[in-house]
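**Q** There's a structure below that I have some questions on.
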Amino acid sequence: MAAATGRLQISGVTRIAVDLPEDIAKRLETAWRDVSRGALEAVALEGYRVGALTRDQVGRLLGLSLWDTEAFLKERQAYLAYNEEDFEQDRRDLDRIAPR
């Protein structure tokens with residue numbers, strides 16, 4: 001059975017439906033209990049990992065506070081992509097707006 005998807009736009013919210021083969025749905029129910037919530041978390045997590053969603057958007061999508069969002073991402077090892085170049089830019093920005 002091929003997976004089918006549908007999209008429906010309702011007052012600022014896009015509803016997405018996914019049809020799953022029964023055996024896969026049962027397996028996901030065993031792992032996640034709430035398949036809809038598990039799928040939503042998976043979308044939020046992957047969106048964050050690929051840079052399509054910000055931390056704030058992940059929190060909004062999942063209805064989490066800032067700290068609960070941080071904990072959610074940390075538990076799933078989805079860390080902020082932050083390198084030395086980002087650090088240097090942040091330091092320059094801070095020096096510019098708050099000189100010593």
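The values are calculated or read from the model by the stated rules, or taken from the named source; none is laboratory data. These numbers come from a predicted model, not from an experiment. With ideal geometry, Cβ positions are generated from the backbone for all residues, glycine too; neighbour counts draw on all protein chains shown.
**Q** Quickly run through region 61-86 and pick out the residues that are modelled with pLDDT of 90 or more and among the hydrophobic types (A, V, I, L, M, F, W, C).
**A** Going residue by residue through region 61-86, those that are modelled with pLDDT of 90 or more are 61-78.
Matches in region 61-86: LEU61, LEU62, LEU64, LEU66, TRP67, ALA71, PHE72, LEU73, ALA78.
**Q** Name, by its number, the condition in (1) surrounded by 14 or more Cβ atoms within 10 Å (Cβ to Cβ); (2) in contact (Cβ under 8 Å) with a residue 24 or more places away in the chain that does not hold for GLY51.
**A** (1)
**Q** Output the residue which, of all residues in region 1-58 that are in contact with a strand residue (DSSP E or B) (Cβ under 7 Å, 6 or more places away or on another chain) and among the basic types (Lys, Arg), is modelled with the highest pLDDT.
**A** ARG15
**Q** Sticking with this one: Out of region 15-60, which residues are part of a helix (DSSP H, G or I) and of a type in the set (Ser, Thr, Tyr)? Let's see the steps before the verdict.
**A** Step one: list which residues in region 15-60 are part of a helix (DSSP H, G or I), which gives 22-32, 35-49, 55-60.
Within region 15-60, THR30, SER36, TYR48 qualify.
**Q** How many residues does region 60-94 contain that are surrounded by 14 or more Cβ atoms within 10 Å (Cβ to Cβ) and either free of Cβ contacts under 8 Å to residues at least 12 places away in the same chain or more than 16 Å from ALA42 (Cβ to Cβ) (or both)?
**A** In the first step, residues of region 60-94 are kept if they are surrounded by 14 or more Cβ atoms within 10 Å (Cβ to Cβ); the result is 61-62, 64, 69-70, 72-73, 76, 78.
Pick out the ones that are also either free of Cβ contacts under 8 Å to residues at least 12 places away in the same chain or more than 16 Å from ALA42 (Cβ to Cβ) (or both) and you get 64, 70.
Looking only at that region, the number is 2.
**Q** If you scan region 63-88, which residues turn out to be aliphatic (A, V, I, L, M) and under 14 Å from LEU53 (Cβ atoms)?
**A** Of all residues in region 63-88, those aliphatic (A, V, I, L, M) come to 64, 66, 71, 73, 78, 80-81.
Correct list: LEU64, LEU73, ALA78, LEU80, ALA81.
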